[in-house]
Amino acid sequence: MNLKKAVMQDSILFFAFKNIIYIFILISMAICIYKIFDNKGKDIKKYLPLLVYSVGTISRYIMAFSPTILASGERTAYFWYISICILIILIIKEKILNKEEETWENLKE
């Protein structure tokens, strides 16, 4: 009986540690997204990527409460995957395309 209790305690600790790491990664990603799109103005466009990421992540967590989560499989993560794809497109637009505009402006001067 003691072995069963020890295994239960270890699995609970592992589950808690895994969730803490997962939450840390989610918060780190949100901070990185905010820093990437940190325009100095008060433009609403700087909050759009953070909103897309938050909505995708929240929808993933809401789907986790579904009683048919095991039967649904990866379909429950569809909106999260789409939000990540939108974020990739926004980051490419922000970093690569804006850098090309800056280099053309420097060449004109």
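3J(HN,Hα) along region 29-37, derived from phi through the Karplus expression 6.51 cos²θ - 1.76 cosθ + 1.60 where θ = phi - 60°, amounts to 5, 5, 5, 5, 4, 5, 5, 5, 9 Hz, with x in place of Gly and Pro. Taking 7 Å steps out from each Cα toward its Cβ at residue 32 and residue 48 produces label points 2.2 nm apart. Site pair residue 93 and residue 20 shows an inter-label distance of 3.9 nm when each label is modelled 7 Å from Cα along Cα→Cβ.
Read the figures in this text as sums done on the coordinates, not as results from a lab. Bear in mind that the values here come from a model prediction, so they are computed numbers and not experimental data. Reconstructed Cβ throughout: ideal geometry from the backbone, glycine too, with neighbour counts over all protein chains shown.
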